[in-house]
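The numbers here are math on the coordinates, done by the rules we state, and not lab data. Not measured: the values here are computed from a predicted model. So basically every Cβ, Gly included, is an ideal-geometry build from the backbone, and we count neighbours across all protein chains shown.
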Amino acid sequence: MSTSDGRYFSFDGHPIATDGERSIAAALLDAGIRSWRTTRVNGRPRGVFCGIGVCFDCLVRINGTPDQRACLVTARPGDVVESEDVVKTRDVVETRDLVKTRDLVETEDGGTSA
Ligand code: FES
């Protein structure tokens, strides 16, 4: 098996079968891989949670582009997919927290609301 024979993509250096139609997450799950990144605080394993592009639990690096949602991207033969490291995951979470903070509006009693 190799990623150059048209039926596989690479995940952390291992060939994973693909039909070129389903998502990277689906192909990884079919190969028995349930998690491919860890949480930044406790290092807990994460893989697919929502499966529809909402939760960002399934982030991977695809052909060198970080922070791609594995549940939304088709697994193409020859792709090079890598698990996300803890540092990249922390950057994504911090960016999301900044956006949430910016969206808060100060209320008359000094509190905040969305
Ligand atoms: S599993 Fe939730 S965004 Fe991919």
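Look at Thr38, Thr65, Thr18 and count the other Cβ atoms within 10 Å of each Cβ; fewest to most, that gives Thr65, Thr38, Thr18. Projected label points at Glu82 and Thr38, each 7 Å from Cα along the beta carbon direction, are separated by 1.7 nanometres.
Regarding the stretch 8-85, what's the average projected area of the Cα-atom convex hull, expressed in nm²?
4.6
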